[in-house]
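Worksheet for the structure shown next.
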Amino acid sequence: MGEVVEVNGPIVTIREAGIRNGDQVTIGELGLVGEVIHIRHADALVQVYESTESLRPGEQVHGLGHPLSVELGPGLLGQIFDGVQRPLDEIMRQSGEHIGRGLELSALDRTRSWHYVPEEDLVVGARLHGGEVLGRVRETGVIEHRVLAPPECRGEIIEHAPEGDYTIDEIVARVRSEAGSVEDLRMYHRWPVREPRPYRARSSGNQPLITGQRILDTFFPLLKGGKAAVPGPFGAGKTIVQQQIARWSNADIVLYVGCGERGNELVEILQTFPELIDPYSGRSLMERTFLVANTSNMPVVAREASIYVGVTMAEYYRDQGYDVVMVADSTSRWAEALREVAGRLGQMPVEEGYPAYLASRLAAFYERAGTVDTLAGGSGSVSLIGAVSPPGGDFSEPVTSHTKEIIRTFWALSKPLADARHYPAVSWLDSFTDYAERAGRWWTREVSPDWPLRRQQALTLLTDADELERIVNLVGPEALSSAQRWVLESAGLVKEAVLQQSALDEIDSFCSPHKQFKLLDLVLRFHRGGADLIDLGVPVEQLTELPFGGELARLKSSVPNDDLAPLDDYWKHIDNAFDRLRVEYSGGSAKP
Amino acid sequence: MSEIEYRRVDSIHGALMFLRKVDGVALGDRVLIRDRDGRRRNGQVIRSSDELVMVQVFEGTDNLDLENTWVRFLDQPFELALSPDMLGRNFNGIGEPRDDRPPIVSSVRRNVNGSPVNPAARAYPREFIQTGVSTIDGLNSLVRGQKLPVFSGSGLPHNRLAAQIVRQARLPGDSSNFVIVFAAMGVSYSDARFFEHEFESSGVLRNVVMFVNLANDPPMERLILPRTALTAAEYLAYDLDHHVLVVITDMTNYAEALREVATEKGDVPSRKGYPGYLYSDLAEIYERAGRLRDRHGSITMIPILSMPSDDITHPIPDLTGYITEGQIVLSRELHGKSVYPPVNVPPSLSRLMKDGIGKDDTREDHPRVASQLYAAYTRALEARNLASIIGAEELSGRDRRYLQFADRFETSFVSQGESEERNIIETLDLAWELLSLLPPGVLGRVTAEDLRKYHSWEEGG
Ligand SMILES: Nc1ncnc2c1ncn2[C@@H]1O[C@H](COP(=O)(O)OP(=O)(O)OP(=O)(O)O)[C@@H](O)[C@H]1O
Ligand SMILES: [Mg+2]
């Protein structure tokens, strides 16, 4: 037992013999929880996850003898936890609408029983190795929870419970190790959050993460197991991009980490997701979703922890063989928490107040993404998607620039696009992905062999148009040839009819891969058809006066994913009109 | 401990006072300070060890010396006494009366710092508030429980706009009025007077609680004033079931006071000398707006801040925008063209609009009309920009239409009278009148049905 020496905001200096770096401690009468982050002579510095108001020097401190760790077992899905894995619903039951301090709560429900089905071959006498599937539990309507042996456990099974209903505190198996010690296994185990969970081997992912958002899937795809960042100034649409991914992506499990952002954004998910139907499973979205919430007004230090708490839970479901997506909104707030603590410790700031280890911490975090062969013998993945909130929207600031070096897909949000309410405001010029080729194989196989070509054509059209616009702004539209003016028109149409996609539109919020391709193909055909007519001498004005522009832009929100025929029909409609012009301008000969 | 007066001041600088060898002082404790003339000042413990206690003094440390300063630790945090009698009263930043009337006496006392709301206890704000201002109602709708700041600049009519909102804000079909908490930091006497006069002449003064710190009042008091004001607002909303509208001005003065103490404490600066924790500190204030699931009342917040050098990327507006649920940005250019209210439409945003408008709340075409107006106006600004380079005569016919649209949009949609109250249907009809200047072929954000119903396009017209 030790005592408090100094209280300096979230950093408390304690004196306690034998405490280890990383240990959890409880502090003072209130029992505030914190973590030792620095040892200096006789003193240890503790970062405290709760407000230290009213704490005074001389109060007692108890070391808990273990680092910050999480409970991993059935009952995580559908829940909302705070930054150190305390369930917010339970907090509310104990302390009302405002978050109390020093509450001792376990993450998983102790009273609920689960129907446990042991693995058939894991009978008494069988060998069990770390990370192996011990038994199964139906966690929600869509997710079968595979109860895993703790990664470091191995030995001979000497008892295994029969199929039946158990609470997570009941012992379901006992294992004797080589050395002869006996370990009791329950349906959950604990894992320290700052240590990546082990796996057998890394493998390279080759499945695109389909999000139903055209600018993401078609233009800047992400793979399952990949790492992506969404940087953008305030109000550009980072949260909506992440919410759309949480809603529509074809992952098995989604973890939404609200790190230093708004309370209302989490409420929105909590209130809408239970009613939303997952297009893949046909069941409530909440059955595959869970949340970690440390909002901007909650204590800063728990914000730092929340990212690790989140990714450890994500890895746990990966180890069960699932494809997990974790979205973190916003990694900048996490970095700021790091900065805050570094500042209080008197560590030397290197750029904009951030400590020198910012880049390495960011890299270590994103390194926990990936597709792996699990210890259990299957394959699973964690995709990490972090929002970045650069001060002043300046992408050269430390968090954005370091993140950009680490991730493989960069969805850069642009303020001018957001100002024009062109959503998602993903810039086609500043974004990039390293996964286009691998994603392209899937698209080629599943959707159309023309996919890589169409994608390239559209990107070229967009970049050409940006170049032409620069010219117009210097010398006016007269300097452009008819063909060039048509490029400008068509690029405008790609933006309105394909890239722009409202998350609020009932039909267009999610766009299936086939619809994505057909829409793009249609607009590009329109472009080529128009270009041919211009070669024949049809004036650009005559084409723009046709009603097609507005109509093409409306197709995305009138044609549903399950009936794409109107897109084909619409082409016939355009083609007829084009044909008439062709006849008129080429002196009578219709299309061959 | 609260009985003991210490005379152990070790050093003093700026707003900070350091005491040596005072045992076991709690962080956040309220401190009473008596100087040699017997005058009282208020402080708060911001760092504590047995060796050294750091106290922040809200009235500043001018004229304090080391020998004749007595310090008492009250062994309790900063609290505010709360009662319905606060309505109609005027207080300073720590809740002492400024209006020559007796202090509030009540057994209900709350820590002004509050404590974070559990996100699981919140209700999502979704009730449309009609302010009668087209750029807000039509394009950036406000809902009950939202925090929607006004980003302004010196000399722009943000006070007039805020006063107009306070006067006109109502829920369509609901007669209950807002109770107003007005928090002013570092404002001029005439600005404070302007608001008081506004409240008086619109007859709401009995429903207003004012917390005022003028430009010549102690700047450090601004650090606690918004917290005091919000403690009052929470009491009015959640204990007394009122819908509360909180107007806070000027957040820039708050942030500057924060920077001043941070510098004195030696905190590591991030941008422009502001401490790295400015974001979290502002969030503690702004996140106190909202609705709770099991309470009737609500807190809607309109913070006003002036952007230093009209720069929206300056840390104060920037971090505010990262926390609040949108922003109304005022434009010096429109103000120069005598447009009132000079709302700069493209950078303005309301994030909670989407759930407060549409079929059951305003009108079914509302979301699409708003999006279409944004798209058309930004396109029109491009045309205007092009015209300034190559001359309007050189523009295509379509761009000339856009030019006309931009002018009409500013003079008849953005611009309105200071006491003109347009209901939402009038605002939407006006929007369609403007969209009818453009051909249907460029209106891709609205449906064919909308066009049939509301668009009156005449070829060549
Ligand atoms: N895809 C979209 N469809 C429709 N509206 C959108 C879309 N993306 C963004 N918006 C609009 O933009 C607003 C701001 O988006 P969002 O909250 O995601 O911004 P942000 O980048 O997360 O901002 P901050 O950094 O301040 O949190 C939303 O409230 C919504 O009105
Ligand atoms: Mg956001």
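The values are calculated or read from the model by the stated rules, or taken from the named source; none is laboratory data. What you see is a predicted model, and the numbers here were worked out from it, not measured in a lab. Reconstructed Cβ throughout: ideal geometry from the backbone, glycine too, with neighbour counts over all protein chains shown. Surface areas here come from the heavy atoms of the whole protein model, side chains and all, with no ligands, DNA or RNA. Shrake-Rupley method; radii C 1.70, N 1.55, O 1.52, S 1.80 Å.
Things to note:
- Selection status of A:THR295, among the β-branched types (Val, Ile, Thr) and away from ligand 2 (no atom under 16 Å from the Cβ): no
- Within the range A:213-230, the only residue that satisfies the criterion of being part of a strand (DSSP E or B) and within 17 Å of A:ALA503 (Cβ to Cβ) is A:VAL230.
- Cβ pairs under 7 Å, 6+ apart, first in the range B:279-308 and without any contact (Cβ under 8 Å) to a residue 40 or more places away in the chain, second open to solvent by less than 10 Å² (accessible area, probe 1.4 Å): B:SER280/A:SER296
- Of all residues in the range A:448-505, those that are farther than 17 Å from A:HIS422 by Cα and assigned to a loop (DSSP other than H, G, I, E, B) total 6.
- Counting the residues of the range A:318-369 that are within 16 Å of ligand 1 (Cβ to nearest atom) and small (Gly, Ala, Ser) gives 4.
- Restricting the range B:389-417 to residues that are out of contact with any helix residue (DSSP H, G or I) (no Cβ under 6 Å at 6 or more places or on another chain) and of a type in the set (Asp, Glu), the residue that is nearest to B:VAL369 (Cα to Cα): B:GLU410
- Candidates A:LEU72, A:LEU105, A:LEU128, A:LEU76, filtered to the one that is over 20 Å from A:VAL175 (Cβ atoms), open to solvent by less than 30 Å² (accessible area, probe 1.4 Å) and either of a type in the set (Val, Ile, Thr) or not assigned by TED's automatic domain parsing to the domain that holds A:GLU16 (or both): A:LEU76
- Cβ separations smaller than 7 Å between residues 6+ apart or across chains give the following pairs from the range A:530-546 residues that are in the same structural domain as A:GLU489 (by TED's automatic domain parsing) to residues that are outside any helix (DSSP H, G or I): A:LEU536/A:SER586.
Per-residue answers, yes or no, for (1) part of a loop (DSSP other than H, G, I, E, B); (2) within 14 Å of chain A (Cβ to nearest Cβ); (3) closer than 14 Å to A:PRO547 by Cα:
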site	(1), (2), (3)
B:GLN416	yes, no, no
B:GLU420	yes, no, no
B:LEU430	no, no, no
B:LEU434	no, no, no
B:LEU438	yes, yes, yes
B:GLY441	no, yes, yes
B:GLU449	no, yes, no
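- Among all residues of the range A:266-278, there is at least one that is surrounded by fewer than 22 Cβ atoms within 10 Å (Cβ to Cβ), within 17 Å of the chain's Cα centre (by Cα) and away from chain B (no Cβ under 14 Å).
- When residues in the range A:257-276 are screened for being more than 13 Å from ligand 1 (Cβ to nearest atom) and in contact with a strand residue (DSSP E or B) (Cβ under 6 Å, 6 or more places away or on another chain), 4 of them pass.
- Helices (runs of 4 or more DSSP H) within the range B:306-384 that include 3 or more residues at the interface with chain A (Cβ under 10 Å from one of its Cβ atoms) and open to solvent by less than 10 Å² (accessible area, probe 1.4 Å): B:315-323
- Of the strands (runs of 3 or more DSSP E) lying entirely inside the range B:98-200, those containing at least 2 residues that are more than 14 Å from chain A (Cβ to nearest Cβ) span B:150-152, B:179-187.
- Test for A:PRO355: is it without any contact (Cβ under 8 Å) to a residue 60 or more places away in the chain, within 16 Å of ligand 2 (Cβ to nearest atom) and more than 20 Å from A:VAL257 (Cα to Cα): no
- Counted residues, the range A:376-404 - those being away from ligand 1 (no atom under 16 Å from the Cβ) and under 28 Å from A:ILE210 (Cβ atoms): 10
- Of residues in the range A:444-501 being free of Cβ contacts under 8 Å to residues at least 12 places away in the same chain, among the small types (Gly, Ala, Ser) and open to solvent by 50 Å² or more (accessible area, probe 1.4 Å), the one nearest to the other protein chains (Cβ to nearest Cβ): A:ALA479
- A:ARG318 vs. criteria more than 23 Å from B:ASN113 (Cβ to Cβ), more than 16 Å from ligand 2 (Cβ to nearest atom) and open to solvent by 10 Å² or more (accessible area, probe 1.4 Å): no
Yes/no per residue for (1) within 15 Å of ligand 1 (Cβ to nearest atom); (2) among the acidic types (Asp, Glu); (3) outside the structural domain of B:HIS13 (by TED's automatic domain parsing); (4) touching a Phe, Trp or Tyr at 6+ places or on another chain (Cβ under 7 Å):
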{"residue": "B:GLU256", "(1), (2), (3), (4)": "no, yes, yes, no"}
{"residue": "B:VAL261", "(1), (2), (3), (4)": "no, no, yes, no"}
{"residue": "B:TYR274", "(1), (2), (3), (4)": "no, no, yes, no"}
{"residue": "B:ARG288", "(1), (2), (3), (4)": "no, no, yes, no"}
{"residue": "B:ARG293", "(1), (2), (3), (4)": "no, no, yes, no"}
{"residue": "B:ILE304", "(1), (2), (3), (4)": "no, no, yes, no"}
{"residue": "B:GLY326", "(1), (2), (3), (4)": "yes, no, yes, no"}
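- Residue, nearest to the other protein chains (Cβ to nearest Cβ), within the range A:231-250, restricted to residues that are outside any helix (DSSP H, G or I) and more than 8 Å from ligand 1 (Cβ to nearest atom): A:PRO231
- Complete set of residues in the range A:91-109 that are at pLDDT 95 or above and farther than 24 Å from A:SER54 by Cα: A:ALA107, A:LEU108, A:ASP109
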